[in-house]
Amino acid sequence: MSSPILEVRDLCKYFPMGKSGWRGGGQDWLKAVDGVSFDLHPGQTLGLVGESGCGKSTCARTIVGLYPPTSGTIRFKGNDLGSLSPRGWAPYRRKIQMIFQDPFASLDPRQTVGSILTEPMAIHKLGKPRDRRLRSMQLLEAVGLNPRHLYRYPHEFSGGQRQRIGIARALALEPEVIICDEPVSALDVSIQAQVINLLGELQEQFNLAYLFIAHDLAVVRHICQQVAVMYLGRVVEVADRDTLFANPSHPYTRSLLSAVPHVDPEVESVRQRIVLRGDVPSPLDPPSGCTFHPRCPEQDQVQGDRCSVEVPLLQSCGSGDQQRTCHLDT
């Protein structure tokens, strides 16, 4: 396999939440992302999954520079992006773009589609105005829209069409990595399939690498080659798609997949759900040791109190490239 185009190591993003206690109390931190590591290879789609609030979107926004990282490293083609100044970041912003979740909020209603698409090119001083307009028309055609829509405003389009415009904007600077932050979750099911197929076609056409964030595991299984599972700000398992869905190794991954309904009524009738106890802990005060241990149905299989004391590291398990953070059988 080729070298990773994007390497994330021990990435943390903490948000200050004011002082705790009375006078002289310490600073409280919301640990949205707490030591995330993964690799993304050229032409690959890596799925980042987990329940709401686990830190997927914060991780994505930190990678593209919308949030400064608290610690950790983000490397693009071997270059450490976290150590760059805003001016030094500029050429890399062209290469790492983002598609946002809400197609209604991510487009400026006061700009025409043409302005939305040419603005990134103008900021990076790419081509002359006429070239930018021609490039915008080509982008609209590439995402399945009429080039004559260049002079319309976002409110004149449906949700699926707006998301296509968002995809065209992400392609405007000829990126190599696109971070897709739940790009189909706000769309109707029939439109979701069209957008997913479009993303697949564009990936082949432009050799793009996707970091694909999603809730819908069926979508992840369809579009991703690798999958990373997050829980409370941390990656708990990484594996190729087929291995993860056929043989999940981490107890949280097993519980997550057990909640997915099956289309076959006979299979569905015998499906055994793993119901977790309690609620998701607060990222303001995460549990010690393994953050999943208060809810883990398999904690009693680990001797002693390792789960509540020792933080498990992401390490190989089973066969192939499958990795997990768990004290089971270690």
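The values are calculated or read from the model by the stated rules, or taken from the named source; none is laboratory data. No experiment lies behind these values; they were computed from the predicted model shown. Cβ placement follows ideal geometry from the backbone for every residue including glycine, while neighbour counts extend to all protein chains displayed. Note: accessible area is taken over every heavy atom of the protein model, side chains too, but ligands, DNA and RNA are not part of it. Shrake-Rupley method; radii C 1.70, N 1.55, O 1.52, S 1.80 Å.
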Helices (runs of 4 or more DSSP H) wholly inside segment 204-293 containing at least 3 residues that are surrounded by fewer than 21 Cβ atoms within 10 Å (Cβ to Cβ) and under 22 Å from the mean Cα position of the chain (by Cα): 217-223, 241-246, 251-258
Residues of segment 142-164 being in a helix (DSSP H, G or I) and within 11 Å of Leu198 (Cβ to Cβ), which ones? Ala142, Gly160, Gln163, Arg164
Is it true that Asp285 is more than 28 Å from Thr243 (Cα to Cα) and acidic (Asp, Glu)? yes
Some residue of segment 171-186 being in contact with a helix residue (DSSP H, G or I) (Cβ under 9 Å, 6 or more places away or on another chain), modelled with pLDDT of 95 or more, assigned to a helix (DSSP H, G or I) and crowded, with 21+ Cβ neighbours inside 10 Å: yes
Please list, ordered by first then second residue, the pairs with beta carbon atoms under 9 Å, 6 or more apart or interchain, first in segment 138-164 and at positive phi, second open to solvent by 30 Å² or more (accessible area, probe 1.4 Å). Gly144/Gln161; Gly144/Arg164; Gly144/Gln194
Filter segment 64-92 down to residues that are over 20 Å from Gly233 (Cβ atoms) and aromatic (Phe, Trp, Tyr) and give me whichever is least open to solvent (accessible area, probe 1.4 Å). Phe76
Please list, ordered by first then second residue, the pairs with beta carbon atoms under 7 Å, 6 or more apart or interchain, first in segment 191-217 and more than 16 Å from Val177 (Cα to Cα), second β-branched (Val, Ile, Thr) and assigned to a strand (DSSP E or B). Ala214/Val49; Leu217/Val49
Which members of segment 101-122 meet the condition of being open to solvent by 60 Å² or more (accessible area, probe 1.4 Å), more than 18 Å from Glu174 (Cα to Cα) and free of Cβ contacts under 8 Å to residues at least 60 places away in the same chain? Ala105, Pro109, Arg110
Filtering segment 123-140 down to residues that are open to solvent by less than 50 Å² (accessible area, probe 1.4 Å) and under 18 Å from Ile165 (Cα atoms) yields Arg132, Ser136, Leu139, Leu140
Going by the conditions given, is Ile167 part of a helix (DSSP H, G or I) and open to solvent by 10 Å² or more (accessible area, probe 1.4 Å)? no
Restricting to segment 294-330, what's the tally of residues that are in a helix (DSSP H, G or I) and open to solvent by 80 Å² or more (accessible area, probe 1.4 Å)? 3
Would you be able to tell me the number of residues in segment 39-61 that are of a type in the set (Lys, Arg) and surrounded by fewer than 21 Cβ atoms within 10 Å (Cβ to Cβ)? 1
